Amino acid sequence: MEIHVGYIVTLKKQHPCGSNDWKVLREGADFRLECKGCGHQVMMPRRTLEKSVKGIMGPLVSEE
Ligand SMILES: [Zn+2]
(Lines give C-alpha, C1' and ligand atoms only; values in the text may rest on other atoms or scores of the structure.)
Protein backbone atom coordinates (compact mmCIF):
# COMPACT_ATOMS: atom_id res chain seq x y z
CA MET A 1 0.00 0.00 0.00
CA GLU A 2 1.46 3.31 -1.09
CA ILE A 3 0.94 6.09 1.44
CA HIS A 4 3.27 9.06 1.45
CA VAL A 5 3.61 12.53 2.94
CA GLY A 6 1.08 14.92 1.42
CA TYR A 7 -1.47 12.22 0.59
CA ILE A 8 -5.02 12.42 1.85
CA VAL A 9 -6.31 9.15 3.28
CA THR A 10 -9.93 8.31 4.04
CA LEU A 11 -10.38 6.18 7.15
CA LYS A 12 -13.23 3.77 7.82
CA LYS A 13 -13.94 5.31 11.20
CA GLN A 14 -15.27 8.85 11.30
CA HIS A 15 -13.52 11.39 13.53
CA PRO A 16 -15.80 13.03 16.14
CA CYS A 17 -15.62 16.29 14.17
CA GLY A 18 -17.42 14.60 11.24
CA SER A 19 -14.51 14.20 8.83
CA ASN A 20 -13.05 10.93 7.53
CA ASP A 21 -10.16 12.52 5.67
CA TRP A 22 -6.66 12.83 7.07
CA LYS A 23 -3.53 14.39 5.62
CA VAL A 24 -0.25 12.48 5.96
CA LEU A 25 2.35 14.67 7.68
CA ARG A 26 5.01 12.05 8.36
CA GLU A 27 5.70 8.57 7.07
CA GLY A 28 7.77 5.73 8.43
CA ALA A 29 7.17 2.90 10.88
CA ASP A 30 4.74 5.34 12.49
CA PHE A 31 2.61 7.78 10.52
CA ARG A 32 1.49 11.22 11.68
CA LEU A 33 -1.92 12.24 10.38
CA GLU A 34 -3.77 15.53 10.55
CA CYS A 35 -7.57 15.58 10.47
CA LYS A 36 -8.83 17.65 7.53
CA GLY A 37 -11.88 18.64 9.52
CA CYS A 38 -10.46 19.94 12.80
CA GLY A 39 -6.67 19.81 12.49
CA HIS A 40 -6.27 17.22 15.24
CA GLN A 41 -3.05 15.20 14.88
CA VAL A 42 -2.50 11.54 15.68
CA MET A 43 0.35 9.05 15.41
CA MET A 44 -0.34 5.48 14.39
CA PRO A 45 1.76 2.48 13.31
CA ARG A 46 1.76 1.65 9.59
CA ARG A 47 -0.08 -1.63 10.18
CA THR A 48 -2.89 0.07 12.06
CA LEU A 49 -3.19 2.71 9.37
CA GLU A 50 -3.32 0.16 6.53
CA LYS A 51 -6.15 -1.68 8.31
CA SER A 52 -8.08 1.55 8.85
CA VAL A 53 -7.80 3.03 5.36
CA LYS A 54 -10.84 3.03 3.09
CA GLY A 55 -9.37 5.15 0.31
CA ILE A 56 -6.27 7.06 -0.71
CA MET A 57 -6.08 10.28 -2.66
CA GLY A 58 -2.79 11.29 -4.22
CA PRO A 59 -0.77 14.30 -3.14
CA LEU A 60 -2.47 17.67 -3.33
CA VAL A 61 -0.15 19.75 -5.47
CA SER A 62 -1.86 22.94 -4.38
CA GLU A 63 -0.75 22.47 -0.76
CA GLU A 64 3.01 22.94 -0.86
ZN1 LIG B 1 -11.37 15.89 13.24
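The values are calculated or read from the model by the stated rules, or taken from the named source; none is laboratory data. Just so we're clear, the structure is a prediction, and the values are computed from it rather than from any experiment. Here Cβ is always computed from backbone atoms with ideal geometry, including for glycine, and neighbour counts include all displayed protein chains.
Some observations on this one:
- Only residues that are out of contact with any Lys or Arg (no Cβ under 8 Å at 6 or more places or on another chain) and either aliphatic (A, V, I, L, M) or surrounded by 11 or more Cβ atoms within 10 Å (Cβ to Cβ) (or both) were counted in the range 36-56, giving 12.
- Filter pass, Lys13 being of a type in the set (Lys, Arg) and modelled with pLDDT under 95: yes
- Within the range 30-52, the set of residues being in contact with a helix residue (DSSP H, G or I) (Cβ under 9 Å, 6 or more places away or on another chain) and either of a type in the set (D, E, K, R) or farther than 14 Å from His4 by Cβ (or both) comprises Asp30, Met44.
- Entry remark, the range 24-41: residues being free of Cβ contacts under 8 Å to residues at least 24 places away in the same chain and outside any loop (DSSP other than H, G, I, E, B) number 8 in total.
- Residues in the range 20-30 that are out of contact with any strand residue (DSSP E or B) (no Cβ under 6 Å at 6 or more places or on another chain) and farther than 14 Å from Pro59 by Cα: 2 in all.
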